[in-house]
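The values are calculated or read from the model by the stated rules, or taken from the named source; none is laboratory data. All of these numbers come straight from a predicted model, not from anything done at the bench. When we count neighbours, we look across all protein chains shown, and the Cβ atoms used for this are built from the backbone with ideal geometry, even at glycine. Ligands, DNA and RNA are excluded from the accessible area calculation, which covers all protein heavy atoms including side chains. Shrake-Rupley method; radii C 1.70, N 1.55, O 1.52, S 1.80 Å.
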Amino acid sequence: MKTNKPDPAIIVIFGVTGDLVKRKLFPALYRLIKANLLDDNTVIVGITRQNISTQDMLADLISGYPEYDESAIEFLKDRFEVQTMNVTESSEYKALLEKLNKMEEDKGMCMNRLFYLSIPPQVFGPIVRFLGENGLNRKCQHNDADSRLLIEKPFGYDLKSAEKLITETTEHFKEEQIFRIDHYLAKETVQNILNFRFNNAIFESLWNSNHISRIDITATETIGIEGRSIFYEQTGALRDLVQSHLLQLMSVITMEEPDTLESDDIHESKLALLNSVVQIPSDKVNKLAVRGQYQSYKTEVNNPKSNIETFAAIEVSINNPRWMGVPIVIKTGKSLDKKQTEIRVVFKRNDETEKQTLHNSLTFRIQPNEGIDIELIVKKPGLDNELQNVDMDFSYSKFFSADSSPDAYERVLVDAIRGDHTLFATNEEVLASWKIVDPILYHWSRETKDLQIYNDNSSGPKNIPDWLNPNYKI
C-alpha cells in the first residue's frame, strides 16, 4: 500500500488488554509500522485498569508473531507505553491530559489525538463525559491539531439507547470529531463497490428493478462465539451484524449515485437509502424474519434458558423507484457450514421459460478470497442448443500483490488520523439502521417459540420461508 503518511498522532487505546486489541488493532498497528506508513513521531498509549508493565503488555501483544520484524518491534518499544488508570475517576483524566501535553512538549510539536474506545458500550458514556469535562475533547495545547473519538460497535442496544448514547457523546464531541468504526466498510471489495457501479456504465444502467430480481447479503461463519458469552448474550446476531455491518453494505450496494465520491455526498446518499427501507410491522415479523441458535450455544454460555439468536435473516424492501419490488435478503449466522461474506446481485432472465437454475448474477466476495464473480449463460459445445452457467472470476489476490491491499483496521486507523469520515457511520445512519431492526427485536423479545435450534456446523435452521432460498424468484 503506497500512500502519504498521515500526520503524527497520539493513539490512546482504552481497553488495551482486551481481545479486540490483540486480534485486530495491534496487528494493524504492527503492519502499518512495518510498512513505514505511520509518522515517526506517532505515540501509542494503552489504557487499562490492570497493573501491568509496558514490557509485559508488549510481550503479550507480540506473542502471536513467532517471526516478527525487529525494526517494527523496536519502533513499538520506543513509542508504546501502558497507563494504569481507573476510567471511572474524573481526576485520572487530568493526569492523562498532563501526560499527553508532556509528550507533545518532548516531541516539540502538536499532534492529533485519537481516543480509541475498545470497551463495552455500557462504559462509553462515563469515559466520553470525563474526556470532555477534563479538556481532552479540545484541540491540542497549541490549537493546531485535533482530538478524535473512535468508537467500536455496537452503537447502543436499541433505538432508544442509541439516541441516548449519541446525545451524551455530542455533548462533549462534535460530529466531525466522532468516528464510529465499521471495519466492513474498510474492506477493499466494499470500497470498490461504488467505483465498480458508477464507473462501469454496463452495470449502472442495469442497476434497478427492471433488470434485478433480488439481492442477497450474506455473512456466515463456521466458528461459534469463541468465549464471548457475556457480549453475545447481550447482543445476538441481529444486533451484532445486521444492524451495523450488513445494513451498511446494503446501503452501499443500493444507494443512489452521489454528486461526488466525497465523504459528505456518500453519507447523504446512504442515509436517504436507509430512510427508504420499509419497516417490518410486528404482525409480519414471523413471515419476514427468521432466527435460530446453534445447538451447543446454551451449554457454551451456561444458560439453558437463553433465547439469543446466533442466526438471523430478514427480507426487507426499499420504497423508492429504483428498487420497488426487489427483495433484499440479509442473512448472518455462526457455527454454520460455510465461512463467507458476500453480496450477490441476481438479474432477471429474458426468457421466463428457461430453467430456474440459469441466470446472470454478480457477486462481490468480501471474505474470504476477495473478488468479483460474474455468472453468465452460455451454450454448451455440441449439436444441441443446451445452455449452462459459467463464471468469470476476478480475484484481488491473483491480480494485485498481497501488500497492495491494506487490512480493514489499517485503513480505519489511517483514515481516522487523517480525519476522513468516508468509511465511518454517521449519527443519522446509526439511528436509521436501528429503526429498521427495532420492531424485529421488540417482537423477538416477547415471542420465543420462533427460535429454531440448528445443528452446529450445518446450513442453519431447517424451517425457512421461500425467500431465504437463494434461487427463489430469480
Problem - Label of the coordinate-derived value, Kirkwood radius over Cα pairs in Å, listed as (1) 23.0; (2) 24.0; (3) 26.3 - result: (2)
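Find the accessible area per residue for the chain; the probe is 1.4 Å, ligands and nucleic acids are left out, and the unit is Å². Before the final figure, lay out each step's value.
Numbers: 21880 Å² over 474 residues.
On a per-residue basis, the chain sits at 46 Å².
Would you work out what percent of the accessible area of the stretch 183-327, with all protein chains in place, is carbon or sulfur (probe 1.4 Å)? Walk me through the numbers on the way to the answer.
On the way: 2830 of 5830 Å².
Heavy-atom surface of the stretch 183-327 belonging to carbon and sulfur, 1.4 Å probe: 49 percent.
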Fill in the blank from the handout: Percent antiparallel among DSSP beta bridges confined to the chain, rounded to 5, stands at 55 percent
Handout entry: Mean Cβ neighbour count within 10 Å, used as a protection proxy, ranking 69-81, 415-427 highest first
Key = 415-427, 69-81
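When you count, for each residue, the other Cβ atoms within 10 Å and take the mean per peptide, how do 265-275, 191-201 rank with the highest first?
Final packing ranking: 265-275, 191-201.
Holding the Cα-Cα limit at 24 Å, pick out from LYS270/LYS462; LYS153/LYS270; LYS34/LYS339 the pairs that are longer than that. Please report the intermediate quantities before stating the final value.
Working: LYS270/LYS462 34 Å; LYS153/LYS270 18 Å; LYS34/LYS339 29 Å.
Pairs exceeding 24 Å: LYS270/LYS462; LYS34/LYS339.
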Exercise for the section: Check the straight Cα-Cα distances from LYS94 and name the lysines below 16 Å, setting aside those fewer than 8 residues away within the same chain. Expected result: LYS102, LYS139
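Express the relative contact order of the chain as a whole percentage, based on alpha carbon pairs under 8 Å and six or more residues apart in sequence. Walk me through the intermediate numbers first.
Working: 814 pairs, mean separation 84.9, N = 474.
So the answer I get is 18 percent.
What percentage of the solvent-accessible surface of the stretch 21-96, computed with a 1.4 Å probe over protein heavy atoms, is contributed by carbon and sulfur atoms? Let's see the in-between values first.
Numbers: 1610 of 3800 Å².
The nonpolar share, carbon plus sulfur, comes to 42 percent.
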